[in-house]
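Participant: Structure below; questions to follow.
The values are calculated or read from the model by the stated rules, or taken from the named source; none is laboratory data. Treat the numbers as computed from the prediction; the structure is a model and nothing was measured. Here Cβ is always computed from backbone atoms with ideal geometry, including for glycine, and neighbour counts include all displayed protein chains. Side chains included, ligands, DNA and RNA excluded: accessible areas come from the protein's heavy atoms. Shrake-Rupley method; radii C 1.70, N 1.55, O 1.52, S 1.80 Å.
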Amino acid sequence: MSNSSSSVDLENVDSVSLMTELLCRMKCSTKPDKRLILIGPPGSGKGTQSPIIKDEYCLCHLATGDMLRAAVAAKTPLGVKAKEAMERGDLVSDDLVVGIIDEAMKKPSCQKGFILDGFPRTVVQAEKLDEMLGKQGAKIDKVLNFAIDDSILEERITGRWIHPSSRSYHTKFAPPKVPGIDDVTGEPLIQRKDDTAEVLKSRLESFHRQTKPVIDYYGKKGVVAALHAEKSPKDVTSEVQKIFFVGGGAQQISKQTSICIRFATDLP
């Protein structure tokens, strides 16, 4: 970006937003680079902790499904190859996925590192990822394993009910005023197909079968950190802080991250 275009951009930014942006950049400049992998079954709390970690450590969040769709939509060379594979009914190759991750890592928002979610799922994928990072003189710094008993997951997930496109409830943790009825509209609640005990059991069996070798692979490298994912979100956040040797409690993180949440985009 040229100096002239930068000055034009700044003229269009109000002083409060500009100061917030400057504070955000100052905060991020002091953060060490981190390349993280999150591993955990459905309902383990990855979706809750990921944005907290992302904003606190100024990382980008790389979800392979989202990246594939974005690459296909943008018609990048790798995206075109991925689309061709999907149209043939083939799985997108590991090399293609790693290439798309490599592309995504070049975004300005990934300057301080990334959180990988949903990849790698196999040891071969982990090896290819490590090879790609190694060519850049980088490596995975930490694998956060959201460890939780399957029975707790079943209680968390099978108790979820939703009012489509508006609110969600839980029969134990956030129940509606009237069982099965939305508090606002009085309309019936529904349960997602994926939230039934039968579907969850199948998903968990697949998860354990796939991910145990990946956890063992990174465990041998000494980079796996197990989180007690059955704890409250606040307690899990505190565990993450301890893993990264950051002082202060979960409340401190939430105050700091509020500075940068609105600027979590690809800024130069």
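Participant: What accessible area per residue, rounded to a whole number of Å², is obtained for the chain using a probe radius of 1.4 Å? Write out the running numbers ahead of the final one.
Facilitator: On the way: 15150 Å² over 268 residues.
Roughly 57 Å² per residue, with all protein chains present.
Participant: Sticking with this one: So for the stretch 113-172, considering every pair of alpha-carbon atoms, how many percent are separated by more than 20 Å? The partial results should precede the final answer.
Facilitator: Values: 942 of 1770 pairs.
Tail of P(r) above 20 Å: 53 percent of Cα pairs.
Participant: Taking the highest mean first, how do the peptides 52-65, 27-40, 79-92 order by number of other beta carbon atoms within 10 angstrom per residue?
Facilitator: Numbers: 52-65: 20.2, 27-40: 17.7, 79-92: 13.6.
The peptides rank, most packed first, as 52-65, 27-40, 79-92.
Participant: Considering all alpha-carbon pairs of the stretch 48-112, what whole percent are spaced by more than 20 angstrom? Don't jump to the answer; show the numbers that get you there.
Facilitator: Working: 659 of 2080 pairs.
So the pairs more than 20 Å apart make up 32 percent of the total in the stretch 48-112.
Participant: Also, quick follow-up: Let me see the P(r) profile for the stretch 65-220: every Cα-Cα distance counted, bins of 10 Å, each bin given as a percent of all pairs.
Facilitator: Values per bin, smallest distances first: 9, 26, 27, 25, 11, 1.
Participant: Give me a comma-separated list of calculated 3J(HN,Hα) values for the stretch 179-195, in order, Karplus coefficients 6.51, -1.76, 1.60 applied at θ = phi - 60°, integers in Hz, x for any Gly or Pro.
Facilitator: x, x, 10, 5, 4, 8, 9, x, 7, x, 8, 10, 10, 4, 4, 6, 9
Participant: Something else: Computed over the Cα atoms, what is the radius of gyration of the stretch 95-138 divided by 2.2 N^0.38 Å, N being its residue count? Working shown, then result.
Facilitator: On the way: Rg = 10.2 Å, N = 44, 2.2 N^0.38 = 9.3 Å.
The stretch 95-138 yields a ratio of 1.10.
Participant: A further question follows. What share of the DSSP beta bridges in the chain is antiparallel, in percent to the nearest 5? Provide the component values of the computation, followed by the final result.
Facilitator: Working: 8 of 26 bridges.
Within the chain, antiparallel bridges account for around 30 percent of the total.
Participant: Which chymotrypsin sites (Phe, Trp or Tyr not before Pro) in the stretch 77-176 sit in a loop by DSSP (not H, G, I, E or B) and have at most 14 other Cβ atoms within 10 Å of their own Cβ?
Facilitator: Values: sites: PHE114, PHE146, TRP161, TYR169, PHE173; in loops: PHE173.
Sites meeting the loop and neighbour criteria: PHE173.
Participant: For VAL224, what residues show an amide H to amide H distance below 5 Å, using hydrogens built from the backbone and excluding near sequence neighbours?
Facilitator: When sequence neighbours closer than 5 places are left aside, the close amide H contacts are VAL143.
Participant: Tell me the mean residue ellipticity at 222 nm calculated for the chain from its helices only (DSSP H runs of n ≥ 4, each -39500 (n - 2.57), averaged over every residue, nearest 500).
Facilitator: That calculation yields -15500 deg cm²/dmol at 222 nm.
Participant: Considering the alpha-carbon set of the chain alone, what are its Rg and its Dmax in angstrom?
Facilitator: Looking at the chain, its Cα Rg and Dmax stand at 20.7, 60 Å.
Participant: Moving on. Using Cα pairs under 8 angstrom and six or more residues apart, how large is the relative contact order of the chain, in percent?
Facilitator: Computed value for the chain: 25 percent relative contact order.
Participant: Using a 1.4 Å probe on the protein heavy atoms, what percent of the accessible area of the chain belongs to carbon and sulfur? Don't jump to the answer; show the numbers that get you there.
Facilitator: Details: 8500 of 15150 Å².
Accessible surface attributable to carbon and sulfur in the chain totals 56 percent.
Participant: Could you tell me, in Å, what Rg and Dmax come out for the Cα atoms of the stretch 8-76?
Facilitator: 16.3, 47
Participant: Of the beta bridges DSSP finds with both residues in the stretch 57-194, what % are antiparallel, to the nearest 5?
Facilitator: On the way: 8 of 12 bridges.
Antiparallel: roughly 65 percent of the beta bridges in the stretch 57-194.
Participant: Sort the following peptides by mean Cβ neighbour count (other Cβ atoms within 10 Å, averaged over residues), highest first: 70-77, 150-157. Mind dumping the intermediate values first?
Facilitator: On the way: 70-77: 14.1, 150-157: 16.2.
Ranked from most to least packed, the peptides come out as 150-157, 70-77.
Participant: Strictly greater than 12 Å: what percent of every Cα pair in the stretch 164-208 meets that?
Facilitator: Values: 651 of 990 pairs.
Taking all Cα-Cα pairs of the stretch 164-208, the fraction more than 12 Å apart is 66 percent.
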